[in-house]
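Throughout, read-outs are computed from the coordinates displayed, never taken from laboratory work. Model, not experiment: these values are computed from the prediction. Don't worry about glycine lacking a Cβ; one is built from the backbone with ideal geometry, like all the others, and counts go over all protein chains shown.
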């Protein structure tokens, strides 16, 4: 990937968010992520959300990690699709990355990928999951003749529907809303 200068606050605030890459400078292992920009948040303050990556940062020291901008995103759905695409490219190139709990990561079985992604996505607010499904479905109807793109969109729609199902089963089993929906209900 081409190396770019860190984005400025002005550049960050012009977009929904961005795709980034964090590299362990000692091992060369990479983490690919998407992040929604928070006004006033410094570029260097957000360094990924992977538990494994966090362990590695503690082990190797933050000074041994480098964050790089990859691409801008203009909405949440585009962020999900681009993140998946860049993780897939990284896995094809290296065969491993820190994104082990991501649906596009180490699991080669597509059903396992979907289950892992759905579990992770099930912690999003219910209303947001429904909106993402609607947007992904609309994108699928407009998709090009590219079979890989159509398949990726279909898998993401299915994974988000499965996430809604997991969320509902969790509420039925525990009798309470999870944090994401509790916050939404209070606002």
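Things worth noting here:
- Of 65, 96, the sequence from fewest to most neighbouring Cβ atoms within 10 angstrom is 96, 65.
- Peptides 57-64, 157-164, 130-137, 45-52 ranked from most to least packed, by the mean per-residue count of other Cβ atoms within 10 Å: 157-164, 130-137, 45-52, 57-64.
- Prolate is the label for segment 1-76, because the ratio a/c of its alpha-carbon gyration tensor axes (a ≥ b ≥ c) is 1.5 or higher and a/b is greater than b/c.
- Sorting 73, 27 by the number of Cβ atoms found within 10 Å of their own Cβ, with the fewest placed first, yields 27, 73.
- Neighbour counts of C-beta atoms inside 10 Å place 56, 155, 149 in the sequence 149, 155, 56, starting with the fewest.
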